[in-house]
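The values are calculated or read from the model by the stated rules, or taken from the named source; none is laboratory data. Only a predicted model underlies this, so the values are computations on that prediction, with no experimental measurement involved. All Cβ positions, even for glycine, are placed from backbone atoms using ideal geometry, and neighbour counts span all protein chains on display. These area figures cover heavy atoms from the full protein model, side chains too; ligands, DNA and RNA do not enter into them. Shrake-Rupley method; radii C 1.70, N 1.55, O 1.52, S 1.80 Å.
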There are 6 protein chains.
Amino acid sequence: MSTPSSASSARNEVRQVAPKLIELSEMVLYGDVWERPGLSKRDRSLIKVAALTALCRSDQLPVHIERALANGVTREEIGELITHMAFYAGWPAAMTAGRIARKVFDEVRP
Amino acid sequence: MSTPSSASSARNEVRQVAPKLIELSEMVLYGDVWERPGLSKRDRSLIKVAALTALCRSDQLPVHIERALANGVTREEIGELITHMAFYAGWPAAMTAGRIARKVFDEVRP
Amino acid sequence: MSTPSSASSARNEVRQVAPKLIELSEMVLYGDVWERPGLSKRDRSLIKVAALTALCRSDQLPVHIERALANGVTREEIGELITHMAFYAGWPAAMTAGRIARKVFDEVRP
Amino acid sequence: MSTPSSASSARNEVRQVAPKLIELSEMVLYGDVWERPGLSKRDRSLIKVAALTALCRSDQLPVHIERALANGVTREEIGELITHMAFYAGWPAAMTAGRIARKVFDEVRP
Amino acid sequence: MSTPSSASSARNEVRQVAPKLIELSEMVLYGDVWERPGLSKRDRSLIKVAALTALCRSDQLPVHIERALANGVTREEIGELITHMAFYAGWPAAMTAGRIARKVFDEVRP
Amino acid sequence: MSTPSSASSARNEVRQVAPKLIELSEMVLYGDVWERPGLSKRDRSLIKVAALTALCRSDQLPVHIERALANGVTREEIGELITHMAFYAGWPAAMTAGRIARKVFDEVRP
């Protein structure tokens, strides 16, 4: 579900259906916006996981939680973020994110 | 999916990731708010299932539909609520809730 | 904003743009679904206000809170419902509903 | 998941829980609204898939993408629609729709 | 509210806060995606207004309804689209869009 | 709209309708959760503004953007956050947040 290669495999899956979307992901979103100095990658991961939790995008959360860990967000911070989000997006959204984070943490454990 | 123990098992799953969230669930949400006299437990279940249906929180609906039955909401009322919600949150949200309710009803049947 | 005539005036406003939508509101939603015996009008108002609060439909809340009062939901129950919704849809949605309810309560006061 | 019969099987599943909802689907939504001349079936499918993508109704997307193909929307147009939606509802909603479209396209391939 | 210049004035308002966002709007969204041949401008306007209605983006609807008219979507089609959306995103979202469309239609009337 | 006193005035407005909600805001949300060491106040403000932008809670954004500035988030970071959110919640949500941020920045300028 959230192995290191799953982001690129999702992209390859979608590329055949919507090639321009993937081109924009690679050139604009990851190639340009994520590289801007205005916010650190760690901060960008924090706000992205917050938004995905609030919008309950369960399908996309695993790979982005995993990438947040790679960008220096700790497991404790992700737990704290999810708790904080419960107040801004409701308990059900937070509980769903909590279960997904648990699975990701279990899987990326060495 | 929606056995009597699934709410507490979800809590245990999330507790390790976000212990404060579960503490707040137990002390504040269930220990305080749900026990307030301003609305009956049956009414609280009605509005909770309505909100979960409207927000399309598929992941959280099963356990809360089951708890609604335990709080005295009848199956017919849940069906009527889902029909009502179709007009306020759209047919797709209602159809998703209808399929989930169907599964819960089938599982809790003696 | 939420005078007794505002629901019908909103309908008249929209009728010219989308006459079929208003016909369906009158014939199907209010003429049929709301009249069904499966849930009382008071319960239908409860779940409708819950859904509108959860979905943050600020524009539509005033007239429906007012109608809920007319259908026998008390002001205390609306306050309790809004508090309950904070946990299922987040504090911001509840605070917005709280401010709207306050305005409606002030306006319908004799 | 998205075989030709899955729309009617979903309806049958829900019919037992919420019979009025299915009656309204058949008599009002499909029997009346979809038959109106104001928008072609192809246009109705376009805007429906756009709305389901934007609202991230993953559960309902497969059958409606399949029906869009039957109503004359091409695969290329669905890919373009999903790309367009990325800008109006966010990349995660579009990526989810892209993966679902990919599965539907693979399944309906002769 | 929805005069021909309001889209560019909104952009200028935001440019000072988020200059990159406006650069992306102009170079990528309008300069590239909207110019792609896969969907006509009329179809892109249809699905955009559908998405904005479904997501209840009241703030952004006026200028995009106006642009839809400029792209060849008729008033009758917008009314029909809003009616259709009532079933996919709920009556409140459709009523809000209906009121906004009414205002735009009144303002752009010669 | 977003003067320093507007958060407490909103609370006072809602207190009469939903006193328990405000008690929970003060005792649990601000008195407990915001004081936890797991995330800095600056990080909590970042993820809160991200969530409010993604959920398009226009009504609540002004006071929370203002509080973010007080918690050490810079104007440039808020602009960058809004740009980032365009990709995760769509352009319309970001444009709405951009216009609100602009108003807040103009008002709090000495």
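A few points about this structure:
- Total residues in the range F:92-102 satisfying the condition of being facing another protein chain (nearest Cβ under 7 Å) and open to solvent by 10 Å² or more (accessible area, probe 1.4 Å): the figure is 3.
- When each of C:108, C:17, C:104, C:73 is tested for being closer than 29 Å to residue D:38 by Cα and either of a type in the set (A, V, I, L, M) or touching a Pro at 6+ places or on another chain (Cβ under 7 Å) (or both), the lone residue that passes is C:17.
- Some residue of the range B:30-45 being out of contact with any helix residue (DSSP H, G or I) (no Cβ under 9 Å at 6 or more places or on another chain) and modelled with pLDDT under 95: no
- Qualifying residue in the range E:27-45 (condition: of a type in the set (Lys, Arg), closer than 28 Å to residue D:32 by Cα and touching a residue at least 24 places away in the same chain (Cβ under 8 Å)): yes
- Test result for residue E:63, in a helix (DSSP H, G or I), among the aliphatic types (A, V, I, L, M) and either more than 8 Å from chain D (Cβ to nearest Cβ) or under 30 Å from residue B:85 (Cβ atoms) (or both): yes
- Of all the listed residues (A:53, A:3), the sole one being modelled with pLDDT of 95 or more and closer than 28 Å to residue B:14 by Cβ is A:53.
- Positions within the range A:66-79 being surrounded by fewer than 24 Cβ atoms within 10 Å (Cβ to Cβ) and outside any loop (DSSP other than H, G, I, E, B), in sequence order: A:66, A:67, A:69, A:70, A:75, A:76, A:77
- Residue D:79 being under 23 Å from residue E:73 (Cβ atoms) and among the small types (Gly, Ala, Ser): yes
- Options D:105, D:87: the member that is open to solvent by less than 10 Å² (accessible area, probe 1.4 Å), of a type outside the set (D, E, K, R) and touching a helix residue (DSSP H, G or I) at 6+ places or on another chain (Cβ under 7 Å): D:87
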